[in-house]
Amino acid sequence: MRRWLPLLAALVVALAPLAVAAQTDGVPAVTIEQTEKGESWSVSLQILALMTVLTLLPAILLMMTAFTRIIVVLAILRQAIGTTSTPSNQVLVGLALFLTLFVMQPVFNEMNQQALQPYLAEEVGAVTALERAVEPLRGFMMEQTREADLGMFLELSGTGRVEGPEAVPLTVLVPAFVTSELKTAFQIGFILFLPFLVIDLVVASTLMSMGMLMLSPMIISLPFKIMLFVLVDGWSMVMGTLAGSFGSG
């Protein structure tokens, strides 16, 4: 330890002027300048904004994309088949995430072309890039939102009638979009539930007529439901139906 003390002392003496210079001539933490391209934010403020967006990313993924409809339908499908833990939650979330990326790819490409690339090329400011990035998401949500749900939230918020879709505030559009997505997801889930419900009823009636009341119908119906789902290529049908359900509002 004694051998390292002179080296540490020399290092402190060498770095002291740099520390003083950083305190006197350092870049201000928060600066906003008006330029021809809009507002220019300092690096520290940009990092703070980026960390804030990353914190809100799960909420944005759930409330402003196709993820909610997909994960709800997959959860209802698993419940209908009767396999309460297969596929696992991790598999369902991963499948829903990548199917969401597939569905949202045109929207993300438009956001990249209109907002991200001009911002990286320093053609627009941060505020302008954010406004441009929101527009594709707004268009996607408007296509999937029912007029009744949108009208209800407009009335609840006291906004009243608006001139057009671009005049709808995000604070109104997002809950209306989520409400419509949940309704659509439950409609699709109801349709998926029917054939499996029929199998459960047939198996339960058969066991009751045979007097086998002590045998659980779920034990007998589960293999038939899995066999039916595999024979009709159920996963491909469900994935295709979910992806196609976003084709039109």
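The values are calculated or read from the model by the stated rules, or taken from the named source; none is laboratory data. Since this is a predicted model, take the numbers as computed values, not measurements. Note that we place each Cβ from the backbone using ideal geometry, even for glycine, and neighbour counts take in every protein chain shown. Each accessible area value is taken on the protein alone, full model and side chains, heavy atoms only, with ligands, DNA and RNA left out. Shrake-Rupley method; radii C 1.70, N 1.55, O 1.52, S 1.80 Å.
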Calculated FRET efficiency for the pair Glu155/Thr86, C-beta based, R₀ 30 Å, to 0.05: 0.10
Distance in nm between label sites at Val93 and Ile191, each 7 Å beyond Cα in the beta-carbon direction? 2.9
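Just the accessible area per residue of segment 67-192, please: how many Å² with a 1.4 Å probe?
Values: 6880 Å² over 126 residues.
That works out to 55 Å² for each residue.
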What does the accessible area of Ser88 come to, in Å² to the nearest 10, when a probe of 1.4 Å is used? 40
Tell me the GluC sites (Glu not before Pro) within segment 161-247 that lie in a loop according to DSSP and have at most 11 other beta-carbon atoms within 10 Å. Glu163
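Summarise the accessible area of segment 131-200 (1.4 Å probe, protein heavy atoms) by the percent that is carbon and sulfur. Walk me through the intermediate numbers first.
On the way: 2550 of 3960 Å².
For segment 131-200, the apolar C and S fraction of the accessible surface comes to 64 percent.
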